[in-house]
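The values are calculated or read from the model by the stated rules, or taken from the named source; none is laboratory data. The shown structure was predicted, so the numbers you read here are calculated from the model rather than taken from an experiment. Note that we place each Cβ from the backbone using ideal geometry, even for glycine, and neighbour counts take in every protein chain shown.
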């Protein structure tokens, strides 16, 4: 059985997004959009607009975000948006969501930027609201952070989108994963770091009475790939690609295969990849040709 592999999009591509996807997306199971609005004065595409365009343009692909910033949207409205897209797309939407982190965006756009713990509390309530809106309207919800009165979401999505929670904070975020997530999105670099986060998640699952094995683990990495180690070094030294030091893997096809297979052996059920050289297609096409065929259970 092949492991589902998704293609994750860099927010700075903007108008280059669809030409890049047209040339590369065919062998991938899914498309994953960013959710940012600002990095100083750099070009950035808005995430929900990208998702809607991709759902319409690529009719055979599952689409989601890696991941939405919960603070950017009222959760009841978000539930309605996702339900509408699920109905229009025939069930191809995944709700990927996280607590948000980039203070610059919050302050620039006028969103409050509370503590990490508060943002994660808000995330937990937002997921509860989405699930309620998709299953049993009207919804009345009186939480610590959100209030709803007789809120309807019709038509309800069929099926309800899986909820993927992104992050790895050990005290609060992974507890939200244990309590509320269908899927867990983790930025993968090394087996040791992954194993540690898995043990933390297992402990949270034990404490809340959740079956750890029912949570789908989605490992994600930004990839810098070339045919030879010398070519990898040349590309790195050229300064023409984004850094992968904090979120990715670097190497030849064989090295990338081994790194990703290690995550699969540890329990990952899905893989999402982005490429440091985009909008160039060289790395993506090399990965598709040389790595994708080896990512099997």
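Checked against the criterion of being farther than 23 Å from residue 186 by Cβ, in a helix (DSSP H, G or I) and at pLDDT 95 or above, region 115-127 has no qualifying residue.
Output the residues belonging to region 137-162 that are outside any loop (DSSP other than H, G, I, E, B) and either modelled with pLDDT under 95 or more than 21 Å from residue 93 (Cβ to Cβ) (or both). Once the filter is applied, which keeps residues that are outside any loop (DSSP other than H, G, I, E, B) and either modelled with pLDDT under 95 or more than 21 Å from residue 93 (Cβ to Cβ) (or both), region 137-162 yields 140, 141, 142, 147, 148, 149, 150. If the condition is being touching a helix residue (DSSP H, G or I) at 6+ places or on another chain (Cβ under 7 Å) and part of a helix (DSSP H, G or I), then region 175-195 contributes 175, 176, 177, 178, 179, 180, 191, 194. Residues in region 144-168 that are within 21 Å of residue 119 (Cβ to Cβ), crowded, with 17+ Cβ neighbours inside 10 Å and touching a residue at least 60 places away in the same chain (Cβ under 8 Å): 148, 163, 164, 165, 166, 167. For region 274-281, the criterion of being assigned to a strand (DSSP E or B) and in contact with a strand residue (DSSP E or B) (Cβ under 9 Å, 6 or more places away or on another chain) is met by at least one residue.
The set of residues in region 102-111 that are touching a residue at least 40 places away in the same chain (Cβ under 8 Å) and not in a helix (DSSP H, G or I) comprises 102, 111. Looking at region 224-236, is at least one residue closer than 22 Å to residue 195 by Cα, in contact (Cβ under 8 Å) with a residue 40 or more places away in the chain, surrounded by 12 or more Cβ atoms within 10 Å (Cβ to Cβ) and touching a helix residue (DSSP H, G or I) at 6+ places or on another chain (Cβ under 9 Å)? Within region 224-236, none of the residues are closer than 22 Å to residue 195 by Cα, in contact (Cβ under 8 Å) with a residue 40 or more places away in the chain, surrounded by 12 or more Cβ atoms within 10 Å (Cβ to Cβ) and touching a helix residue (DSSP H, G or I) at 6+ places or on another chain (Cβ under 9 Å). Does at least one position in region 239-251 carry a residue that is at pLDDT 95 or above and out of contact with any strand residue (DSSP E or B) (no Cβ under 8 Å at 6 or more places or on another chain)? No, there is no match, as no residue in region 239-251 is at pLDDT 95 or above and out of contact with any strand residue (DSSP E or B) (no Cβ under 8 Å at 6 or more places or on another chain). Among the residues of region 198-209, those identified as within 17 Å of residue 168 (Cβ to Cβ) and touching a residue at least 12 places away in the same chain (Cβ under 8 Å) are 198, 200, 201, 204, 205. Being in contact with a strand residue (DSSP E or B) (Cβ under 6 Å, 6 or more places away or on another chain), in a helix (DSSP H, G or I) and either at pLDDT 95 or above or farther than 26 Å from residue 167 by Cβ (or both) holds for only one residue in 235, 256, 223, 271, and it is 256.
Checking every residue in region 108-121 against the condition of being buried (at least 19 other Cβ atoms within 10 Å of the Cβ) and farther than 30 Å from residue 57 by Cα gives at least one match.
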